[in-house]
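Working notes, beginning with the structure itself.
The values are calculated or read from the model by the stated rules, or taken from the named source; none is laboratory data. These numbers come from a predicted model, not from an experiment. Quick reminder, even Gly has a Cβ in these numbers, built from the backbone with ideal geometry, and neighbours come from all protein chains shown.
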Amino acid sequence: MFPDEEMDFDMAMITTDNYQGRPVEQHSKAVAWVTRNARNDRFTRLYFRYFPSPVPAAIFLEEREARAWLEQQC
């Protein structure tokens, strides 16, 4: 879950595959990202276009929607 306010993104963070070499599939069935605002949402969607999640993942503006989606995944 992102903070309520808009964040500054470090370009190194969004140009690096943060999942590479990590056993995500061993400890996560699915991941829901709650971005809370349009700017964070755009950056997050852009990141996952370049670096798809190794497990089912979805991006939401609201926590309620994210939790409902996660319930469907389990």
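Would you confirm whether or not region 20-29 contains a residue that is under 14 Å from the mean Cα position of the chain (by Cα), among the polar types (S, T, N, Q), under 24 Å from residue 73 (Cα atoms) and part of a loop (DSSP other than H, G, I, E, B)? Let's see the steps before the verdict.
The initial filter retains those residues of region 20-29 that are under 14 Å from the mean Cα position of the chain (by Cα), namely 24, 28-29.
Next cut, among the polar types (S, T, N, Q) only: 28.
From the residues that got through so far, the ones that are under 24 Å from residue 73 (Cα atoms) too are 28.
Cutting the leftovers down to part of a loop (DSSP other than H, G, I, E, B) gives us 28.
Yes, region 20-29 has at least one match.
Do we have residue 15 as surrounded by 13 or more Cβ atoms within 10 Å (Cβ to Cβ), at negative phi and among the polar types (S, T, N, Q) here?
Working: surrounded by 13 or more Cβ atoms within 10 Å (Cβ to Cβ): no; at negative phi: yes; among the polar types (S, T, N, Q): yes.
Answer is no for this residue.
Counting only residues that are closer than 25 Å to residue 72 by Cα and among the hydrophobic types (A, V, I, L, M, F, W, C), region 1-19 holds 2 of them.
Scanning region 53-74 for residues that are exposed (fewer than 11 other Cβ atoms within 10 Å of the Cβ) and either within 18 Å of residue 5 (Cβ to Cβ) or at pLDDT below 95 (or both) turns up just one, 74.
Is it the case, given these coordinates, that residue 66 is touching a residue at least 12 places away in the same chain (Cβ under 8 Å) and part of a strand (DSSP E or B)? Answer is no for this residue.
The numbered conditions (1) in contact with a helix residue (DSSP H, G or I) (Cβ under 8 Å, 6 or more places away or on another chain); (2) under 18 Å from residue 70 (Cβ atoms); (3) β-branched (Val, Ile, Thr) are all true for residue 14 except (2). Screening residue 21 on (1) in contact with a helix residue (DSSP H, G or I) (Cβ under 6 Å, 6 or more places away or on another chain); (2) without any contact (Cβ under 8 Å) to a residue 12 or more places away in the chain shows it passes everything except condition (1). Scanning region 34-63 for residues that are touching a Ser or Thr at 6+ places or on another chain (Cβ under 6 Å), under 20 Å from residue 12 (Cβ atoms) and part of a helix (DSSP H, G or I) yields one hit, 44.
Picking from residues in region 18-34 that are in contact with a Phe, Trp or Tyr (Cβ under 9 Å, 6 or more places away or on another chain) and modelled with pLDDT under 95, the one that is surrounded by the most Cβ atoms within 10 Å (Cβ to Cβ) is 19.
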